[in-house]
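Beneath this line is the structure, given in structure tokens, with notes to follow.
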Amino acid sequence: MKYEIEQALRVKSLAIDVMEELMKEDRKYEVQELKQLSELFSRCICDLVNVYSNISEDHEMTLKGTVIKAKIGYNLMKAETVEKE
């Protein structure tokens, strides 16, 4: 599988995990927390568009950064869940 596809699928997987966490009804979210998540995943979308439209010069580095942003978003969500329990 192409590296770009693998990385995009990794971002998708993390985004789905975050969506599932957000849909849990037993949890309330702070506005700041949701703003941070929105910013991180918006940046991921921008990065992916740049890669797939060939705007990005270094696809590998862009995709690595994109996956890192998605992981940060996921970890932020999981950390907040643990703190609230």
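For the reader, a short list of remarks on this structure follows.
- Yes/no for Leu40 being within 11 Å of Gly73 (Cα to Cα) and surrounded by 11 or more Cβ atoms within 10 Å (Cβ to Cβ): yes
- The stretch 49-72 residues that are without any contact (Cβ under 8 Å) to a residue 24 or more places away in the chain, paired with ones that are of a type in the set (Asp, Glu) (beta carbon under 6 Å, 6 or more apart): Thr62/Asp47
- Condition check for Lys64: at negative phi and either surrounded by 11 or more Cβ atoms within 10 Å (Cβ to Cβ) or in a helix (DSSP H, G or I) (or both): yes
- Qualifying residue in the stretch 18-37 (condition: buried (at least 16 other Cβ atoms within 10 Å of the Cβ), part of a helix (DSSP H, G or I) and among the β-branched types (Val, Ile, Thr)): yes
- Residue count, the stretch 17-46 (criterion: of a type in the set (Lys, Arg) and under 14 Å from Val67 (Cα atoms)): 1
- Residue pairs whose Cβ atoms lie under 8 Å apart, separated by 6 or more positions or on different chains, with the first residue in the stretch 29-48 and free of Cβ contacts under 8 Å to residues at least 60 places away in the same chain and the second of a type in the set (Phe, Trp, Tyr) and surrounded by 13 or more Cβ atoms within 10 Å (Cβ to Cβ), do not occur.
- Among the candidates Ile72, Ile5, the residue that is at negative phi, assigned to a helix (DSSP H, G or I) and loosely packed, with under 11 Cβ neighbours inside 10 Å is uniquely Ile5.
Read-outs throughout are calculated quantities, based only on the coordinates presented, and are distinct from any laboratory measurement. Just so it is clear, the structure is predicted and the values come from calculations on it, not from any experiment. When we count neighbours, we look across all protein chains shown, and the Cβ atoms used for this are built from the backbone with ideal geometry, even at glycine.
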